[in-house]
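Before any comments, here is the structure.
The values are calculated or read from the model by the stated rules, or taken from the named source; none is laboratory data. These figures come from a predicted structure and were not determined experimentally. Here the Cβ is made from the backbone with ideal geometry for all residues, glycine too, and neighbour counts use every protein chain on show.
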Amino acid sequence: MMLIAVATAVAQENRANYRVVPLPDRIDGIKDADFKLKGTTLVDYPTGNRDMERNAAMLSLYVEDLTGMHLSTRPVNTGNNHDCISLQLDPKMAGDEDYRITVTSRSVIIAGKTPAGVFYGIQTLRKSIPVVGKVDLVLLPAAQVAGSPRFGYRGMHLDCSRHFFSVETVKRYIDIMALHGMNRLHWHLTDDQGWRIEIKKYPRLAEVGGWRNGTTLGHNSPVNDGIRYGGYYTQEEIKEIVRYAADRYITIIPEIDMPGHMVAALTAYPELGCTGGPYEVWGMWGVAEDILCVGKDETLQFVNNVLDEVIQLFPGEYIHIGGDESPRVRWQECPRCQQRIVDLGLKATDHQSVEALLQGWFTTQVQQYLSEHGRRMIGWDELLGCNVDTTATIMSWRGAEPGSQGAMQGHDVIMSPVDPLYFDYYQTSKTWNEPTAFGGCNTLKKVYDFDPVADDLPADKRQHILGAQANVWTEYITCEPQIQYQVLPRMAALAEVQWLHPEDKDYQDFKKRLPHLVDIYKLYNWTYRAKSLIVESEDQEK
Ligand code: TNX
């Protein structure tokens, strides 16, 4: 009797469960025996398709990580062979990123309209496999499983200026995104505290702007550690990361923040500022009053030259130009900026100062330059106050309301409101045992319950909400485990916001599915906030 019980328990443990995170839209059982996933199972992909070949190799690696079994991959001309997982393209499928998994006793077919869709099917299959150490058999119940993302833009952001993170760390961040079905990495590369991207035409940006003489301790205390800190990514490293992300169907959106958050660049090239400096790369946090002088034509030329190199490095459609937190006090006193205002004939309105309109003019110049080079511009929601036209995509951070207003005006919008999508914020109100964070309280439940499309947004404006993104500012995040702690498991909640329609979301059910995803975090030794899995009282926190 006991022996039988033990045998059943083992078999149960080795049985896949398709109720993963994010939850597939459909899981329909098929009357058939289980598919037996064994070391001899092959992964088939269409001959000659490089993307599908890479997909197959990745699936094989994932299965090996989970079970120790090494599946060989094989190019084939016809699908549906026995004892194989067959990766297939199906042009009749609806969405580019949709996936369909068909499991029968004979084979497993993972289909998508594009290789990206197949990749999401692979992620779902991967997450359905139990993590029980080395095994030589996993049973996949016969079923038809299908998923389709609610939003096309499913983002995470990473600030590599306030603290600098290695190429390996950024790659692992990309791996974590892939596991969660995300497809846009917003990479914050420049700020007052460090310029992190090599620009060949302006070598001092990285060589000088990439380093600060010390960093404030605590929350902007007057005590500075006095330790020189910095680093930057060479163009070769950036290409490597862009390729690594693309292999996982993740597009990188670089952010070059302007005209504010520019002290690192001003330190390297003081002539770009209104006062001419000298400036010093910041070792504290906050909003700097020294910003680019847009009264000088040289500044516009500089920006265009920098963007030329950025465009070469990042093939995606979007370039993020920041635009946030740009105080205009220097412009008010700068004869060149004031002359520009006169030359342009800018007139203040009830809502907008001439300096706000000057930022709008500058931003529009940059936008036109990007558009001439076939790119689109994203900026923070401050741009809504600067008269930019609706071809600018707005990233809503000061709440979701600016984004909704932008959508009403006809802008495309990405929702990343501080509350609840700032993952540099605490995950509980009881912060005494938490690593230092920016502030706030964005619990797992708050993230889960967020709907990027406001209830009262009219039907004909809803398509402007392209998706949602969580932001990870790193003033207080100094190392990779801390990044992971801040994002895991909140990324799991965000993944369901990005993939599921509100009527299909269920927090209690999500919490039951989460521990298995966390098994995968553990498998890879990723740091995560274990308390978020167990503390129910946090779910009530506001
Ligand atoms: C606001 S979000 C900022 C960042 C800070 C962040 C800290 C935004 C456009 N600007 O510069 O790092 O708050 O949470």
Fill in the blank from the handout: Within segment 49-79, residues being among the polar types (S, T, N, Q) and without any contact (Cβ under 8 Å) to a residue 12 or more places away in the chain number 1
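Filter segment 11-57 down to the residues that are outside any loop (DSSP other than H, G, I, E, B) and of a type in the set (G, A, S) and list them by number. Reasoning before the result, please.
Going residue by residue through segment 11-57, those that are outside any loop (DSSP other than H, G, I, E, B) are 11-13, 15, 26-29, 35-38, 42-46, 50-57.
Across segment 11-57, the qualifying residues are A11, G29, A56, A57.
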Exercise for the section: Evaluate the following for K445: is it away from the ligand (no atom under 16 Å from the Cβ) and farther than 21 Å from E496 by Cβ? Expected result: no
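Just to be sure before I move on: is I319 over 15 Å from H411 (Cβ atoms) and more than 16 Å from the ligand (Cβ to nearest atom) in the structure I sent? Walk me through how you get there before you give the answer.
Values: over 15 Å from H411 (Cβ atoms): yes; more than 16 Å from the ligand (Cβ to nearest atom): no.
Considered against the rule, which asks whether it is over 15 Å from H411 (Cβ atoms) and more than 16 Å from the ligand (Cβ to nearest atom), I319 comes out as no.
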Problem - Where a residue in segment 406-427 is at pLDDT 95 or above and in a helix (DSSP H, G or I) and its partner, wherever it lies, is of a type in the set (D, E) and within 14 Å of the ligand (Cβ to nearest atom), with Cβ under 7 Å and at least six apart - result: G406/D381
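Across segment 335-353, what is the number of residues that are assigned to a helix (DSSP H, G or I) and touching a residue at least 12 places away in the same chain (Cβ under 8 Å)?
Residues of segment 335-353 that are assigned to a helix (DSSP H, G or I), as a first pass: 335-344.
Subset that is touching a residue at least 12 places away in the same chain (Cβ under 8 Å): 335-341, 344.
So the answer is 8.
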Completion exercise
For segment 373-400, pairs from a residue that is without any contact (Cβ under 8 Å) to a residue 24 or more places away in the chain to a residue that is away from the ligand (no atom under 14 Å from the Cβ) and of a type outside the set (G, A, S), with Cβ under 8 Å and 6 or more apart or across chains, are T390/Q409; T390/H411; I394/H411; I394/D412; I394/V413; S396/V413
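I'd like the full set of residues that are over 23 Å from A94 (Cα atoms) and touching a strand residue (DSSP E or B) at 6+ places or on another chain (Cβ under 9 Å), limited to segment 143-168. Outline the logic, then answer.
First pass over segment 143-168, keeping only residues over 23 Å from A94 (Cα atoms): 156-168.
Within segment 143-168, M156, H157, L158, D159, C160, S161, R162, H163, F164, F165, V167 meet the criteria.
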Practice task
Can you tell me which residue within segment 395-417, out of those that are hydrophobic (A, V, I, L, M, F, W, C) and crowded, with 19+ Cβ neighbours inside 10 Å, is farthest from the ligand (Cβ to nearest atom)?
Solution key: A407
Fill in the blank from the handout: Residue pairs within 7 Å by beta carbon, gap of at least six or interchain, first lying in segment 90-104 and surrounded by 22 or more Cβ atoms within 10 Å (Cβ to Cβ), second of a type in the set (F, W, Y), listed first then second, are E97/Y120; Y99/Y120; V103/F35
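Among the residues of segment 347-382, which ones are within 16 Å of the ligand (Cβ to nearest atom) and in contact with a Cys (Cβ under 7 Å, 6 or more places away or on another chain)?
Step one: list which residues in segment 347-382 are within 16 Å of the ligand (Cβ to nearest atom), which gives 359, 363, 377-382.
Listed by number, the residues that qualify are Q359, T363.
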Completion exercise
Scanning segment 121-145 for residues that are among the basic types (K, R) and within 15 Å of H516 (Cβ to Cβ), the one surrounded by the fewest Cβ atoms within 10 Å (Cβ to Cβ) turns out to be R126
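Any chance you could count how many residues in segment 371-394 are outside any loop (DSSP other than H, G, I, E, B), buried (at least 18 other Cβ atoms within 10 Å of the Cβ) and in contact with a helix residue (DSSP H, G or I) (Cβ under 7 Å, 6 or more places away or on another chain)? Steps first, please.
Step one: of segment 371-394, the residues outside any loop (DSSP other than H, G, I, E, B) are 371-372, 376-385, 393-394.
Next, from what is left, pick out any that are buried (at least 18 other Cβ atoms within 10 Å of the Cβ): 377-384, 393-394.
Okay, now just the ones that are also in contact with a helix residue (DSSP H, G or I) (Cβ under 7 Å, 6 or more places away or on another chain), so 377, 379, 381, 383-384, 394.
Of the residues in segment 371-394, 6 are outside any loop (DSSP other than H, G, I, E, B), buried (at least 18 other Cβ atoms within 10 Å of the Cβ) and in contact with a helix residue (DSSP H, G or I) (Cβ under 7 Å, 6 or more places away or on another chain).
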Completion exercise
By residue number, the members of segment 257-283 that are of a type in the set (A, V, I, L, M, F, W, C) and without any contact (Cβ under 8 Å) to a residue 60 or more places away in the chain are L266, L272
Completion exercise
Requiring at least 2 residues that are within 16 Å of the ligand (Cβ to nearest atom) and at pLDDT 95 or above, the strands (runs of 3 or more DSSP E) wholly within segment 143-214 are 153-159, 184-188
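Keeping to segment 242-264, report how many residues are of a type outside the set (D, E, K, R) and surrounded by fewer than 21 Cβ atoms within 10 Å (Cβ to Cβ). Give the steps one after another, and end with the answer.
Taking segment 242-264 and keeping what is of a type outside the set (D, E, K, R), we get 242, 244-246, 249-254, 256, 258-264.
Right, trim to surrounded by fewer than 21 Cβ atoms within 10 Å (Cβ to Cβ) and you get 242, 244, 246, 251.
Summing the residues that are of a type outside the set (D, E, K, R) and surrounded by fewer than 21 Cβ atoms within 10 Å (Cβ to Cβ) in segment 242-264 gives 4.
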